[in-house]
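None of the figures in this text is laboratory data; all of them are computed from the coordinates on show. Everything numeric in this text was worked out from a predicted model, so none of it was measured. Note that we place each Cβ from the backbone using ideal geometry, even for glycine, and neighbour counts take in every protein chain shown.
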Amino acid sequence: MIKKILKKIIYKLSIIASKNRWLTVFYYTINTKGFQHEQHNVLRGVIKNKTDKNNIANFRRAIHRIEKGLITQPLKPIFAESYILETVLTYKRLLNDDCDKTTLLWGKGILIQYFEIVEKTDIITKAYSEFLKLIEFETSNLPSTYFANERVRSKITIDDFFELNKQRRSIRYYQNKEVPREIVEKAIKIALQSPSACNRQPFSFRVIDDPSMLRTAASLPMGATTFSDNIPMMVFIIGDLSSYFDERDKHIIYIDASLAAMNFILALEVQGLSSCIINWSDIPKRNKRLKKFLKLEDWEQCVMSISIGYALPECGVASSMKKDVETVTKYN
Ligand SMILES: Cc1cc2nc3c(=O)[nH]c(=O)nc-3n(C[C@H](O)[C@H](O)[C@H](O)COP(=O)(O)O)c2cc1C
C-alpha cells in the first residue's frame, strides 16, 4: 500500500520535474534509480581515459585521424602536427604492452605512410626520429590507405541480402546442441568489419558456453525468463566507456556495439545459427550482478545480450510485421 502511494507521488513529481531542466536534475538526484549508475561509469571511464597513457582507443583514434588526413583532398602538406609526437610515444609504449597486434600493425603502416608524405616541421621531425628508433623499415604487407575502386566487390545481390534479413528472425528455442566456437569467432570477425566512431571498436564479446554458467548467464537479463533454460550459448556485448575523453561521447558504445551486433547475428544466420537479442536494462542491481559475473571494470557497460543456438525446427516464430518504407522515410 505504502509502496503504491510512494509510486504515485514519484510519478506526480516526475511530471513537475519534466517541465524544467534543473527540476529534472533535482528529480534524478533524489530518485536514485535513474542515471546515477551511468553517470558514475561514464566519469570513471573519462578519468581512466585521461590517466591511461596506453589507452588503445585513444591510439586508434589518432591513427584514424591521420588516415583521414592522408585521404583529404587536396592533401595538406602539414597535418596532425599537434598530436603526432604523442601518437608516436604512445606507439612506443604500446609496443611493450600486451595490446592487440593488429592495432600496432595498423599504427605502424599508417605512421610510415604519414612520415613519407608529410612536410617535416620541427615537431614532425622530432616525432619522425623517435619513430625511426622503433621500427625496421619492412614495408611489405603493411596497411595503408587505398583507392575506392580497389575495394573487394561482393557478389551478393540485393535480393540475397533481403532474403538473409527475412530469414533472420528472433529465435528463442534451441536444440540441445553445442554451438561451435569457430562459427561464433567467424561471426565476430564479420562483426568487426562494422563501422565504429573513429574506428575505436570500443566493445568486447563475452561468450558464455560453459553449461555450469549458462543458467546464471541467461537469468541476468530480464527478457529471457521464458526460455532461459534451453540456451546453449549467451553472448554479452560489453562497451568500454574508457574509450572517451569526454562525456559527450557516452552513447557511442551503444551505437558501435549495435552496428557490430547486427552484422554478428546475420553472420551467425548464414552459418546456420539462430539468435535472439535480449535487452540489457539499466537496473543497478542487475548491473552489479553482471559486473560480478563477468568481472567487469567500472567503465565497462553491458549494451545487450544475445542468446545463440540451432533453432528447434518446430519452435514458433513471431511474425513481427515490419513497418513499410513510406512510413519511415521522409525526403528533404
Ligand atoms: C534492443 C533489443 C532488445 C530486445 N530484447 C528482447 C528481450 O529481452 N527478450 C526477447 O525475447 N526478445 C528481445 N528482443 C527481440 C525483439 O523482440 C525482436 O527483435 C522484435 O520483436 C522483432 O522480431 P525479429 O527479431 O524476429 O525481427 C530484443 C531486440 C532488440 C533489438
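Listed by chain and number, the lysines placed with their C-alpha closer than 25 angstrom to that of Lys177 are Lys166, Lys186, Lys189; residues fewer than eight positions away on the same chain are left out. Within a straight-line Cα-Cα reach of under 21 Å, Lys48 can be paired with the following lysines, leaving aside sequence neighbours fewer than 8 residues apart in one chain: Lys92, Lys250, Lys288, Lys291, Lys292, Lys295. Alpha-carbon geometry of the chain: the Rg and the Dmax are 23.8, 75 Å, given in that order. Given the options Ser275, Ile15, Gln39, identify the residue whose Cα lies farthest towards the positive end of the charge dipole of the chain (+1 on Cβ of Lys, Arg; -1 on Cβ of Asp, Glu). Value: Ile15. Over the Cα atoms of the stretch 120-223, each weighted equally, I'd like the Debye log10 I(q)/I(0) at q = 0.23 Å⁻¹, rounded to two decimals. Per q value, in the given order, log10 I(q)/I(0) is -1.48. Note: relative contact order over the chain, using C-alpha pairs below 8 Å and six or more positions apart, is 22 percent. Dimensions of the stretch 15-149 based on its C-alpha atoms, expressed as ranges along the principal axes with the largest first, amount to 64, 36, 34 Å.
Were the residues from Phe293 through Ser170 laid out at 0.36 nm apart, the gain over their Cα-Cα distance would be 41.7 nm. Separation of the stretch 182-222 and the stretch 61-93, taken as the distance between their Cα centroids, equals 31 angstrom.
Assuming charge only on the beta carbon of Lys and Arg (+1) and of Asp and Glu (-1), the dipole of the chain about its Cα centre is about 1720 debye to the nearest 20. Extension gain, Leu6 to Asp210, is 69.2 nm, computed as 0.36 nm per intervening residue step minus the present C-alpha separation. Residue by residue, the stretch 68-81 carries 3J(HN,Hα) couplings of 5, x, 5, 9, 5, 10, x, 4, 7, x, 10, 8, 6, 4 Hz when phi is fed to the Karplus relation 6.51 cos²θ - 1.76 cosθ + 1.60 (θ = phi - 60°); x denotes Gly or Pro. Based on DSSP H segments of at least four residues, each scored -39500 (n - 2.57), the chain has a per-residue ellipticity at 222 nm of -15000 deg cm²/dmol. Here is the tail figure for the stretch 1-80: Cα pairs spaced more than 20 Å apart come to 62 percent of all pairs. Computed from point charges on the beta carbon alone (+1 for Lys and Arg, -1 for Asp and Glu), the dipole magnitude for the stretch 52-148 about its Cα centre is near 180 Debye.
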